[in-house]
Structures are given as C-alpha cells and as structure tokens.
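Take a look at this one; I'll ask things after.
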There are 2 protein chains.
Amino acid sequence: MAKSTPRYELFYWPSIQGRGEFVRLVFEEAALPYVDVARLPARQGGGVGALMRLLEDDAAGTPPYAPPVLRVGALRIAQTALICQYVAGEGGLLPRAVADRWRAQQLMLTVMDFTLEAHDTHHPIGNSLYYEDQKREARRRAPHYLAERLPKALDYFERALAANGAGRGRVLLGRSLSYADLGLFQLVEGLSYAFPRSVAAVAGDTPRVMALHAAVAERPHIAAYLASPRRLPFNEHGIFRHYPELDVPP
Amino acid sequence: MAKSTPRYELFYWPSIQGRGEFVRLVFEEAALPYVDVARLPARQGGGVGALMRLLEDDAAGTPPYAPPVLRVGALRIAQTALICQYVAGEGGLLPRAVADRWRAQQLMLTVMDFTLEAHDTHHPIGNSLYYEDQKREARRRAPHYLAERLPKALDYFERALAANGAGRGRVLLGRSLSYADLGLFQLVEGLSYAFPRSVAAVAGDTPRVMALHAAVAERPHIAAYLASPRRLPFNEHGIFRHYPELDVPP
C-alpha cells in the first residue's frame, strides 16, 4: 500500500514572494501538493488571520519566530532554509551522498544570508521604519553592497559550481539538481529584479551561475509554475525591491 | 572495539569569540576533543594562514563562504548553526525526538539571526568600514534595535521555554539540555556584554531565559571552559561589541 501523502501547509505573507518563495520553489519542482494557507480566502481558513493565529499558538510547542512556517500534522517548522531542507527530503531533492547533504544545507543557508543582505540595502536602520525614512542611509549602504557584497556572493556560487566536478559545473552538488540549486535560482531572480544594472555588469564574470539560473527556469515544473498565477510578481513590499536610485553600478 | 573518535578541526579567527564560540561551546559541553586550528602557532600548522588556506581550497569541493568551518576528514562544513547541529549529533546534544531535532535547529538558526542583528547595530552600513566610519548610522540604528528587536528576541525565547512543558521551562526542548540551549546561553552572554544596561532593563521580563543562562554557566564542563584560557574574552573586534554610546535603554 502506498504511503499516503501528508498535508503540507505553508504559512507565509500572501502578497509577496519573500522568503516563502524559496519554499514554494521546492514544492513546485518536487510536484508535491501543498496548501499556501494565507493565500486562501478567510472563509476557507486562509488570509493573514490564519498566519497570525499560527504564529501565536504557543500550545503547539516551540513557536515560530517569523514566517515562513511549514505545518505538517503536529510539526511546525520555521526558518526558510530548514523548511526547504525538510521539503527537499520529502520530495526527492536532497543530494544522494550524505556529505553532500551537509554541503547542500550550507549552500542554502548562504543563499539566505545573501538574501538578507540584499534586503538590508533598503532597510539599513530598522524593519519598523519605511524605506523612505531610511533612504539616506540606504543610499550610503547600497554602493558598498553593490561594489563588494553582490559580486562576492555571485563569485562564491561560481566557485561552488566550478568545484563540483561530478556535476560538470552545472549543478551545485553531485549530478542532479538539489534544493540548493533552486535557492541559488531564486537569489539570482531576486537580485536581477532589484539591481538589474548591477547584475548585468557582473553577470559575465559568473557564467556558471547564469547558466544554472537559465536552466532552472526551463525545467518543466518550474517553467509551468513561473507562468502560473501561483507565482506572485516581485514588488516593493518584499525582500528584493527595485529602487532605481539604489541600483547604481560601481 | 570502540569506534575511534575522528579528528575534529575547527577553523575560526583566533582572537575573537565571534560565531566560532557557538561551536566551541558544543564541543566543550560534549567533552569532544577538537583542535582550534588557527589558535595554534603557525609552526604547528595554525595561525590565520591555515584558516585562509582552508577557505581558498576549492579542490576540496564546495568551498566555505566564511568562518567558522569544521573539517572532519574529507568533509568541510561551514555555517555556524549547521556546524553546531553536526557536532551535537556527534556529541549527544541533539534532542531525543525527531520532531524536536527540527525544532532545535529552528531555534539555533533563530539564535544566529539575532546574533547578526546585534552585529549590525555597530555595522549598519558595511562590513568593510570601521565602526568609526558608520557611527552616525549606528547611533540611529541602535535605539531601534534596543527598543524593538532585543526585547523581541528575549521574549521569543521566553515563550519557547514556556512552551516546553516536558522540560518545565528549564530547557528549550524535551527534558535535557541540547545544543539549542547552548546557543541561547551564548546569545545572552553576548548581548549582556554589548548592552549591559539594556539587558538589565528587560531581564526581569524573561526569567526563564535568565535562569537557563545561569544554569548553563554552572554546568561542570561549561564552568571549567569559561574559567580556562580557551575562553577568549569579549572584545571590540567580534560580533558583540560594547560601545557605551550605543547602549542607551529606551
């Protein structure tokens, strides 16, 4: 008898890609059915209210600090990279070798670090302030980020791809796509949206990263997802925001 | 025949606690022998040179992005929370229940998020600049951090402790100490060093967190470690820095 598939419930802000998008991509590539709870209407148990109730439910054990949160039966897991690792395990997107599984999570965590750095270009002072209230500091932080950190991030993944002889530089680990590759895809998506001029200026130096990004976009499940209404457009409420005044290549 | 213990080599900056300290604490509590490579003299294969060579060695597969890095035979693992999870698995400091193991890593990652936030109070603009070059922005960021984020961090762990009925609020998961508790101990250590006035102002609201911190400090292995020369003092080169002008309780 086949094992029945558990009910996977993702809780995340319903109007942005944000950190939740890294999780959505793993579900989509794995073709695992999931419920994006807060995007359902409130009368179906969805909406931001459902997300807030989940975050505040201390009776269910260790509370999540922030979305995204995955609920699978009695288990709630927060922390984006950890959720991605869990879903990859359910959906066959972990690397085969045990050592590569540690490396995959190392890479996924590094993707999330760079994602936070990109976010902090528009929020260098505080999350509770609007961008407009920290624009002066953002204009000072962004050039440092674009001159040093953005190229360093892409260079790092270029090195990681080159170091994977088994995959001939086409995937980060082993011979097959893993969730770490999906994470890198979304990082490049986000950076390309937020800083198109700056990414264009360095893309030539990181051909493997750019080739991986293009190859992931063409995978059947991902291509179908990107063309579907499930893929929210980027906007200026998420992590990756396009403020042209900040995207000034060094 | 007993399994022989592998050689655990920790690579981290030799003069600061920094992120490496979270790893050191797991080794110390587990009483697992480890080599703190960069703290050895160069003639014994140590020093910062050894750390740099490790970071730049792409022939060994997936490179680390930044220290700390753990090397165990052919495996290199970077990312602090991931290394802590690995060492905890080697040293018997994972929670017993599988679900609690996911929760432990969620908590450990959240400890590291708050650690980074504390760091960014003194580096809001860029890592490559000195504090003195971003002091103005730091003076603007710190009050936001101290009014909103620091209490939110401690409150979160207070909730997590209270939510663990099995541990009667004394450990984060189950009935025994896990590496997540060590992470929380070090976060409180660092915050108390960097922002003594602000932590004192909120400590009364988070009695479980403060009791856990005190209890960890008294554990025999940890107490011996804290009293040894292996425990580096905090200083103004690490993540947690004491700049009195930033520690102004709201």
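Along each principal axis of its Cα atoms, how long is segment A:5-93 end to end? Whole angstroms, biggest number first, please.
31, 27, 25
Oh, and also: Long-range amide H contacts for A:Gln17: which residues qualify at under 5 Å (H placed 1.01 Å from N, peptide plane, sequence gap of 5 or more or a different chain)?
Under 5 Å from the amide H of A:Gln17: A:Asn235.
Give the Cα extents of segment A:1-156 along the principal axes, in whole Å, largest first.
Extents along the principal axes: 59, 43, 26 Å.
Between A:Val35 and B:Ala42, take the C-beta separation as r, use R0 = 51 Å, and let me know the FRET efficiency to the nearest 0.05. Could you put the intermediate results ahead of the total?
Numbers: r = 56 Å, r/R0 = 1.11.
With R0 = 51 Å, the Cβ-Cβ based efficiency is 0.35.
GNM, chain A, Cα, under 10 Å: largest mean-square fluctuation among A:Asn235, A:Asn164, A:Asn127?
It is A:Asn127.
Further question on the same structure: In Å, what Kirkwood hydrodynamic radius results for segment A:84-186 from the alpha-carbon pair distances? It would help to have the intermediate numbers written out before the result.
Working: mean 1/r = 0.0664 Å⁻¹.
One over the average 1/r among Cα pairs gives 15.1 Å for segment A:84-186.
Please find the FRET efficiency linking B:Asp155 to B:Thr5, where r is the Cβ-Cβ separation and R0 is fixed at 45 Å, and quote it to the nearest 0.05. Kindly include the intermediate steps, with their values, before the conclusion.
Values: r = 40 Å, r/R0 = 0.89.
Computed FRET efficiency for B:Asp155 and B:Thr5 comes out at 0.65.
What number results when the radius of gyration of segment B:132-194, computed over Cα atoms, is divided by 2.2 N^0.38 Å? It would help to have the intermediate numbers written out before the result.
Numbers: Rg = 15.2 Å, N = 63, 2.2 N^0.38 = 10.6 Å.
Compared with the compact-globule rule of thumb, segment B:132-194 sits at 1.43.
Now for a separate question. Note down the net charge around B:Leu232, summing +1 for each Lys or Arg and -1 for each Asp or Glu among other residues with Cβ under 15 Å from its Cβ.
Values: positive: B:Arg19, B:Arg24, B:Arg39, B:Arg230, B:Arg231, B:Arg241; negative: B:Glu21, B:Glu28, B:Asp36, B:Glu189, B:Glu236.
Local charge sum for B:Leu232: +1.
Oh, and also: Rg/Rh for segment A:166-229: what does it come to with C-alpha atoms and Rh from Kirkwood?
On the way: Rg = 12.2 Å, Rh = 12.4 Å.
When Rh is taken as the Kirkwood radius, the ratio is 0.98.
Further question on the same structure: Through the Karplus equation 6.51 cos²θ - 1.76 cosθ + 1.60, θ set to phi - 60°, convert the phi angles of segment A:162-179 into ³J(HN,Hα) values in whole Hz; use x for Gly and Pro.
5, 6, 8, x, 4, x, 6, x, 9, 9, 6, 9, x, 10, 10, 4, 10, 4
What whole-number value in cubic angstrom gives the convex hull volume per residue for the C-alpha atoms of segment B:121-167?
Numbers: hull volume 3.6 nm³, N = 47.
With only Cα atoms used, segment B:121-167 gives 76 Å³ per residue.
Separate question: So, in nm, how far is label A:Ala97 from label A:Ala211 when the simple model puts each one 7 Å beyond its Cα toward the Cβ?
The two pseudo-label positions are separated by 2.0 nm.
Run a plain Debye calculation on the protein assembly as shown (Cα atoms as equal point scatterers, no solvent) and give log10 I(q)/I(0) at q = 0.10 Å⁻¹, rounded to two decimals, same order as the q list.
Taking Cα atoms of the protein assembly as shown as identical point scatterers yields -0.78.
In Å, what Rg and Dmax follow from the Cα atoms of segment B:73-119?
11.8, 34
How far is the Cα center of segment B:140-168 from the Cα center of segment B:77-111, in Å?
Taking the Cα centre of each part, segment B:140-168 and segment B:77-111 sit 20 Å apart.
Set Lys and Arg Cβ to +1 and Asp and Glu Cβ to -1, take the dipole of segment A:162-250 about its Cα centre, and tell me which of A:Ser178, A:Val248, A:Leu212 lies farthest positive.
Farthest along the dipole direction, towards plus: A:Ser178.
What are the ³J(HN,Hα) values, in whole Hz, obtained from phi via the Karplus relation 6.51 cos²θ - 1.76 cosθ + 1.60 with θ = phi - 60°, for each residue of segment B:91-105 in sequence order, with x given for Gly and Pro?
Taking θ as phi minus 60°, the curve returns x, x, 10, 8, x, 6, 6, 4, 4, 5, 5, 5, 5, 4, 5 Hz for segment B:91-105.
Using alpha-carbon positions, what is the distance between the centroids of segment B:177-250 and segment B:1-69, in Å?
That distance is 23 Å.
Also, quick follow-up: Please give me the summed charge of the neighbours of A:Gly169: other residues whose Cβ is under 11 Å from its Cβ, Lys and Arg +1, Asp and Glu -1. If you can, show how the numbers build up before the last one.
Numbers: positive: A:Arg159, A:Arg168, A:Arg170, A:Arg208; negative: A:Glu158.
Summing Lys/Arg as +1 and Asp/Glu as -1 gives +3.
How many nm separate the modelled label positions at A:Tyr131 and A:Ala224, each set 7 Å beyond the Cα in the direction of the Cβ?
3.4 nm
Roughly how many Å² of B:Lys135 are accessible to a 1.4 Å probe, to the nearest 10?
Probe radius 1.4 Å; accessible area of B:Lys135 about 70 Å².
What's the magnitude of the charge dipole for segment B:101-250 around its Cα centre, counting Lys and Arg as +1 and Asp and Glu as -1 at the beta-carbon? Answer in Debye, nearest 20. Can you show the working numbers first?
Details: 19 positive and 16 negative charges, 103 e Å.
The calculated dipole for segment B:101-250 is roughly 500 debye.
Run lengths n ≥ 4 of DSSP H only: what is the helix-derived mean residue ellipticity at 222 nm for chain A, with -39500 (n - 2.57) per run over all residues, to the nearest 500? Write down the numbers at each step before the final one.
Working: 10 runs with 124 residues, N = 250.
That calculation yields -15500 deg cm²/dmol at 222 nm.
Wrap a convex hull around the Cα atoms of segment B:111-250, take a quarter of its surface area, and give that in square nanometres. Intermediate values should be presented prior to the final figure.
On the way: hull surface 34.1 nm².
For segment B:111-250, the mean projected area of the Cα convex hull comes to 8.5 nm².
Diagonalise the Cα gyration tensor of segment A:192-250 and give the resulting equivalent ellipsoid semi-axes, square root of 5 times each eigenvalue, largest first, whole Å. Each step should come with its number before you reach the end.
Values: eigenvalues 106, 70, 6 Å².
They are 23, 19, 6 Å, listed from largest to smallest.
How much net charge surrounds B:Tyr12 when only other residues with a Cβ under 15 Å from its Cβ are counted (Lys, Arg +1; Asp, Glu -1)?
Numbers: positive: B:Arg19, B:Arg24, B:Arg39, B:Arg53, B:Arg71, B:Arg76, B:Arg230, B:Arg231; negative: B:Glu9, B:Glu21, B:Glu28, B:Asp36.
Here the charged neighbours net out to +4.
The values are calculated or read from the model by the stated rules, or taken from the named source; none is laboratory data. Computed from a predicted structure; not experimentally measured. Note that each Cβ is placed from the backbone with ideal geometry, even for glycine, and that neighbours are counted across all protein chains shown. When the accessible area is computed, the model is the full protein with side chains, heavy atoms only, and any ligands, DNA or RNA have been set aside. Shrake-Rupley method; radii C 1.70, N 1.55, O 1.52, S 1.80 Å.
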